[in-house]
Ligand code: IPD
């Protein structure tokens, strides 16, 4: 497992160097995917190609699933799950909160509840940080330039809703966003504050580092959460769907320290169940 974590670290570090150093001046949208808001740049594709080619060379028996279309079955039971740029809109606008997320999972990453992360790394080029974990090995943050010692990560022990600094994100579908906006509008006056930083993998690492108390989002794909969710659980946190014990999925991902997780997931369930308070996200 140490070997897999080291490879995830090395892959994410190399791709982070590519997207930071190779960012073209006047970067533009190359094309869109699920909706007009779901943008892809040339660097999303170059980063995925770099990751895919290295994994194919170094781990030829493993599968690969990438946000930009890579889908290669393997024979080892392990699949690399890649978000070559998480927070593409941040990257497009040259805002700092984008990342490269690399995870290796056991089981089928296309089916929630069937995959479990074994190791992962989330590299944030703009801050020079890389968050990483392996199953049973704890979660740490290191410097991308290799300086200093890795620092252990731990979630916060906040309990009450009013003290939770809450991160969330929004889907690329304008209609789905209407439901998400109602949900966050209900929560906003009742929590400490809300942050929308623009990259789900980084939001999860911020939970692990205690930089926010909790995170929830509906509509996440497996590549958004595979590495970050391991970083959270290895930092002592809980990651689930709407109910504790349910796997995180496109329907809902909730991540926090154990106490805040129980508080927040209860509130989210109430919002989804009672449509007079809000509308469930699609
Ligand atoms: C997106 C980001 C964003 C989240 C979206 C994701 P992408 O990933 O993580 O924060 O709100 O749900 O799709 O498309 O930039 O890789």
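The values are calculated or read from the model by the stated rules, or taken from the named source; none is laboratory data. Just so it is clear, the structure is predicted and the values come from calculations on it, not from any experiment. Counting neighbours? That spans all protein chains shown, and the Cβs are built from the backbone with ideal geometry, glycine included.
Quick notes on this structure:
- Residue in segment 216-238 that is within 15 Å of the ligand (Cβ to nearest atom), buried (at least 24 other Cβ atoms within 10 Å of the Cβ), under 16 Å from residue 265 (Cβ atoms) and without any contact (Cβ under 8 Å) to a residue 40 or more places away in the chain present: yes
- The listed residue being within 14 Å of the ligand (Cβ to nearest atom) and touching a helix residue (DSSP H, G or I) at 6+ places or on another chain (Cβ under 7 Å), out of 155, 118, 102: 102
- Among the residues of segment 44-69, those identified as surrounded by 22 or more Cβ atoms within 10 Å (Cβ to Cβ), within 15 Å of the ligand (Cβ to nearest atom) and outside any helix (DSSP H, G or I) are 65, 66, 67.
- Every condition in (1) over 18 Å from the mean Cα position of the chain (by Cα); (2) at pLDDT below 95; (3) on the phi > 0 side of the Ramachandran plot holds for residue 113 except the one numbered (1).
- Residue match in segment 84-95 (condition: part of a loop (DSSP other than H, G, I, E, B), within 11 Å of the ligand (Cβ to nearest atom) and either buried (at least 16 other Cβ atoms within 10 Å of the Cβ) or at negative phi (or both)): yes
- Answer from 204, 161, 197, 187 - the residue that is within 13 Å of the ligand (Cβ to nearest atom), surrounded by fewer than 21 Cβ atoms within 10 Å (Cβ to Cβ) and touching a residue at least 40 places away in the same chain (Cβ under 8 Å): 197
- Just one of the numbered conditions (1) surrounded by fewer than 20 Cβ atoms within 10 Å (Cβ to Cβ); (2) modelled with pLDDT under 95; (3) closer than 19 Å to residue 126 by Cβ is not true of residue 41: (1).
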